[in-house]
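The values are calculated or read from the model by the stated rules, or taken from the named source; none is laboratory data. The structure presented is a predicted model; accordingly, all values stated were derived computationally and were not measured. Neighbour counts are summed over all protein chains in view; Cβ atoms, including those assigned to glycine, are modelled from backbone coordinates with ideal geometry. With ligands, DNA and RNA removed, areas are computed over all heavy atoms of the protein, side chains included. Shrake-Rupley method; radii C 1.70, N 1.55, O 1.52, S 1.80 Å.
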Amino acid sequence: MRVLIVGATGHNGVAVARRLGAQGHHISGLVRDEARAPDCLDAVHAGDVVTGAGLAQAVAGIDVAYYFVHSLDSRAQDDLDLVAARNFASAAAEAEVKRGVFFTTLPAPNIGEPPRYQRNRQAVQVALAERLNELTVVRAGMVLADRSRGMRPYAQLVQRAPIIPMGPWRDNRIAVVDSETVSTCLVRAGVADQPMGSVDVPASAEPTHEELVRAVMRTLGVNKPILRLPWSNPTIDAFLVSRFTGDSYQFSRHLASINNFDYMVDPSCAKPFADIAPQQLDAALRSALAPYIAPQRRKSS
């Protein structure tokens, strides 16, 4: 099978490319910077989904394409993501690429207007589905990995902030899952005989945000007081996250806005992966936080 990874330099792109390559499939990658392309790719295409450069060459002769593109740090995120998705979907349709795998987040509960981040992901999914006849949408909660953008703020806040301020959203639950399980599910979605529709990756656990912070502290061997605030403001929360983590305000703003909802796995949507057993939370965190643990051990020795 000839596979294209769009966004092949990211954590998920590299992991899927390595696994599929080990199974004997031919793996191509579309990247903006060829110097950052992983060595597991059989072919590298330099291009940009926003401008459309390199797309025609990348999609030619492809059986299934994985789409991992997301403009997390741009003020014009919504426009860029939609343009990119439409450009890719059009090029894929013209090349008669029918199979696609889109990796996205779990949906927010149906309790009114979803947060902006969720609207962004929904718009991208619609744009891809309009041109890719056989699209599988793989949804997951927070991925526990050392390069995970979602998990990193938790680790950095625990390490750097003297006190962890948490608003009422601390009691909301969020599904978390180890990166190995995510990769296993993504690979299965691409090689399945038929498209799966929308499927949920099973969770390692579904802790509250406070429980997750305490688990991170336990893993890192630190103990910081948690300040339980009676209110929260996404703008202030985003500023604090950005200040202590060094992440962009745009990304931190999205993180703060989605914390106001529960993000849980739908058991009926996880049935195609029922035989896959995710790592338990503590084991997943030990693996994901290993790069943070090592420097602390060197400091204490």
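Between Glu211 and Ala53, what's the calculated FRET efficiency when r is the beta-carbon distance and R0 is 41 Å? Round to 0.05.
Using R0 = 41 Å, I get an efficiency of 0.35.
Take the alpha carbon gyration tensor of the stretch 117-238, find the square roots of its eigenvalues, order them as a ≥ b ≥ c, and report rounded if a/c is under 1.5; if not, report prolate when a/b exceeds b/c, else oblate.
The shape class here is prolate.
What dipole magnitude, in Debye to the nearest 20, does the stretch 154-286 give about its Cα centre under +1 on Lys/Arg Cβ and -1 on Asp/Glu Cβ?
Here the size comes out at about 600 debye.
So, counting K/R as plus one and D/E as minus one, what does the shell of residues with Cβ under 12 Å around Ala17 add up to?
Taking every other residue near Ala17 into account, the sum is 0.
Along the Cα-to-C-beta direction of Tyr249, a point sits 7 Å from the Cα; which residues of the stretch 103-134 have their amide N less than 12 Å from that point?
Nothing falls inside the zone, counting backbone N under 12 Å.
Distance from the Cα centre of the stretch 96-113 to that of the stretch 162-226, in angstrom?
18 Å
Binning every alpha carbon pair distance of the stretch 146-202 at 5 Å from zero, what are the percents per bin?
Here the calculated profile for the stretch 146-202 is 4, 13, 17, 19, 15, 11, 9, 6, 4, 1, 0.
If you average 1/r over all unlike Cα pairs in the stretch 147-301 and invert the result, what Kirkwood radius do you get in angstrom?
16.8 Å
For the chain, just list the percent of Cα-Cα distances falling in each 20 Å bin from zero outward, please.
The calculated distribution, bin by bin, is 33, 58, 9.
Give the peptides 259-267, 222-230 in descending order of average Cβ contacts within 10 Å, highest first.
259-267, 222-230
Quick check: pseudo-label points 7 Å beyond the Cα along Cα→Cβ at Asp33 and Arg2, how many nm apart are they?
Reported label-point gap for Asp33 and Arg2 is 2.9 nm.
Treat every Asp and Glu Cβ in the stretch 58-127 as -1 and every Lys and Arg Cβ as +1, leave all other atoms uncharged, and give the resulting dipole magnitude about the Cα centre to the nearest 20 debye.
Dipole magnitude for the stretch 58-127 comes out near 140 debye.
About the Cα centre of the chain, how large is the charge dipole given +1 on each Lys and Arg Cβ and -1 on each Asp and Glu Cβ? Please answer in debye to the nearest 20.
1060 debye
Among 185-191, 233-239, 209-215, what's the highest-first ranking by average C-beta atoms within 10 angstrom per residue?
In descending order of packing, they fall as 185-191, 209-215, 233-239.
Please compute the modelled spin-label separation between Val191 and Asp171, points set 7 Å along Cα→Cβ, answer in nm with one decimal.
Going from the Asp171 label point to the Val191 one covers 4.6 nm.
Give the residues of the stretch 16-36 whose amide nitrogen is closer than 11 Å to a point set 7 Å from the Cα of Ala283 in the direction of its Cβ.
Flagged as within label range: none.
Over the chain, what is the relative contact order in whole percent, taking alpha-carbon pairs under 8 Å and six or more residues apart?
Computed over the chain, the figure is 18 percent.
Once you keep just the Cα pairs under 8 angstrom separated by 6 or more residues, what percentage relative contact order results for the stretch 175-248?
Once divided by the residue count of the stretch 175-248, the mean separation gives 29 percent.
With a point put 7 Å past each Cα toward its Cβ, work out how far Ala22 is from Arg228 in nm, to one decimal.
Going by the 7 Å Cα→Cβ label model, 4.4 nm.
In square nanometres, what is one fourth of the surface area of the convex hull spanned by the alpha carbons of the stretch 1-150?
Convex hull of Cα atoms, orientation-averaged projection: 8.9 nm².
Between Glu130 and Arg218, what length in nm is gained on full extension when 0.36 nm per residue of separation is reduced by their alpha carbon distance?
Going from the current span to full extension adds 27.1 nm.
At a 1.4 Å probe radius, carbon and sulfur cover how many percent of the accessible area of the chain?
Looking at the chain in its full context, I get 49 percent from C and S.
Which whole-number value in Å² is the accessible area per residue of the chain, probe 1.4 Å?
Ligands and nucleic acids excluded, the result is 45 Å² per residue.
For Ala290 and Ser198 in the same chain, what is the full-extension length gain: residue separation times 0.36 nm, less their Cα-Cα distance, in nm?
29.9 nm
Any chance you could run the full-extension gain for Glu113 through Arg147? It's 0.36 nm times the residue separation minus the Cα-Cα distance, nm to one decimal.
9.2 nm
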